[in-house]
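The values are calculated or read from the model by the stated rules, or taken from the named source; none is laboratory data. Computed from a predicted structure; not experimentally measured. Because the Cβ atoms are built from the backbone with ideal geometry, glycine has one as well, and the counts that use them run over all protein chains shown.
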Amino acid sequence: MKNIPEKAGSEFERLLEITRALRERCPWDRQQTMKSLKPYIVEESYEVLEAIDEEDPEKIKEELGDLLFQIVFQAHMAGEKGLFDIVDVVRSISEKMVGRHPHVFGEDKGVKTAGDVLSRWQEHKKREGKLKSGMLEGIPISLPALLRAQKVQKRASRAGFDWRRTEDVLEKMDEEAGELREAAKTGDRDRIEDELGDMLFSMVNVARFLNIQAEEALGKTTARFIRRFGYIEKKAAGRGVELSKMSLAEMDALWEEAKRLEDREED
């Protein structure tokens with residue numbers, strides 16, 4: 001482990017050289033801009049999350065490398081414009097981490113719990129001018145809707161604007177479900193959209209109270225749906241039947257079969 005800094009330095013220098021060569025000699029890489037590569041940063045980030053969920057070390061390593069390359073490439077393009085370079089990026093985050101952890105790198109002995117750490121973190125951000133005047137400002141609009149909603153709710157909770165019991169939040173969700181049913185009867189698209197949004201927001205609140213990440217929960221459910229639907233497709237193909245020709249009852253039966261197989265695997 002003691003040799004990691006030395007190895008990291010040589011490998012990082014190699015990556016920087018590869019990045020420079022690609023930028024100079026690859027027609028596709030030469031065309032890219034900081035904005036054109038934005039989708040790749042998002043895509044690679046989600047692929048890292050997927051690899052972590054799969055608990056596959058090799059895949060995690062690969063996806064972290066893909067994400068690292070996007071960071072290095074962005075810094076390289078910024079360097080071409082004289083804005084900053086990768087050294088500035090690394091120095092900036094190092095200084096930030098040291099400055100925000102005085103209990104590790106300084107003399108602050110008042111930090112005993114994870115909650116204390118978060119409190120100190122907020123204090124440092126405030127001194128650095130990183131906290132906006134409004135408690136709900138600064139949460140990126142580009143975040144997935146469920147994740148953003150949960151962050152908004154968490155911030156509001158810090159100010160005491162929150163439910164007291166999980167049961168109250170569940171009751172609110174039921175209330176919103178009733179309002180959505182009534183809106184659906186009217187056929188008013190705007191009203192339906194508003195009520196559906198209210199219900200989703202209340203469901204995110206339930207997830208927060210149960211200490212569940214709503215974004216991850218929905219992602220796992222979607223993944224399960226894809227697996228089970230794939231099972232139905234495979235079985236239909238094995239029978240020589242087009243999926244569109246199967247009855248809903250037949251597909252439901254295969255769906256339940258897929259669920260039972262998953263339950264056995266988990267046991």
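Return yes or no: is residue 53 at pLDDT 95 or above and either surrounded by 10 or more Cβ atoms within 10 Å (Cβ to Cβ) or part of a helix (DSSP H, G or I) (or both)? First the steps, then the outcome.
Details: at pLDDT 95 or above: no; either surrounded by 10 or more Cβ atoms within 10 Å (Cβ to Cβ) or part of a helix (DSSP H, G or I) (or both): yes.
Answer is no for this residue.
Take the residues in the stretch 22-50 that are touching a Lys or Arg at 6+ places or on another chain (Cβ under 9 Å) and of a type in the set (Lys, Arg), then tell me which one is surrounded by the most Cβ atoms within 10 Å (Cβ to Cβ).
Checked the stretch 22-50; the qualifying residue surrounded by the most Cβ atoms within 10 Å (Cβ to Cβ) is 23.
Anything in the stretch 208-263 that is among the hydrophobic types (A, V, I, L, M, F, W, C), closer than 19 Å to residue 149 by Cα and without any contact (Cβ under 8 Å) to a residue 60 or more places away in the chain? List them, or say none. So that I can check it myself, show each step before the final result.
To start, the set of residues in the stretch 208-263 that are among the hydrophobic types (A, V, I, L, M, F, W, C) comprises 209-210, 212, 214, 217-218, 223, 225-226, 229, 232, 236-237, 241, 243, 246, 248-249, 251, 253-255, 258, 261.
Pick out the ones that are also closer than 19 Å to residue 149 by Cα and you get 209-210, 212, 214, 217-218.
Once the filter is applied, which keeps residues that are among the hydrophobic types (A, V, I, L, M, F, W, C), closer than 19 Å to residue 149 by Cα and without any contact (Cβ under 8 Å) to a residue 60 or more places away in the chain, the stretch 208-263 yields 209, 210, 212, 217.
Taking the stretch 155-205 as the region of interest, how many residues are loosely packed, with under 15 Cβ neighbours inside 10 Å, within 19 Å of residue 136 (Cβ to Cβ) and either of a type in the set (A, V, I, L, M) or in contact with an Asp or Glu (Cβ under 7 Å, 6 or more places away or on another chain) (or both)?
The total comes to 2.
Mind listing just one residue for me: the one in the stretch 72-92 that is in contact (Cβ under 8 Å) with a residue 24 or more places away in the chain and under 15 Å from residue 38 (Cβ atoms) and, of those, surrounded by the fewest Cβ atoms within 10 Å (Cβ to Cβ)?
Top of the filtered list is 78.
Residues that are assigned to a helix (DSSP H, G or I), surrounded by 13 or more Cβ atoms within 10 Å (Cβ to Cβ) and at pLDDT below 95: does the stretch 7-21 have at least one?
Scanning the stretch 7-21 turns up at least one residue that is assigned to a helix (DSSP H, G or I), surrounded by 13 or more Cβ atoms within 10 Å (Cβ to Cβ) and at pLDDT below 95.
Give the stretch 206-221 a look and list any residue that's surrounded by 14 or more Cβ atoms within 10 Å (Cβ to Cβ) and in a helix (DSSP H, G or I), or say none.
Taking the stretch 206-221 as the starting set, the residues that turn out to be surrounded by 14 or more Cβ atoms within 10 Å (Cβ to Cβ) are 206-209, 213-219.
Of everything in the stretch 206-221, those that are surrounded by 14 or more Cβ atoms within 10 Å (Cβ to Cβ) and in a helix (DSSP H, G or I) turn out to be 206, 207, 208, 209, 214, 215, 216, 217, 218, 219.
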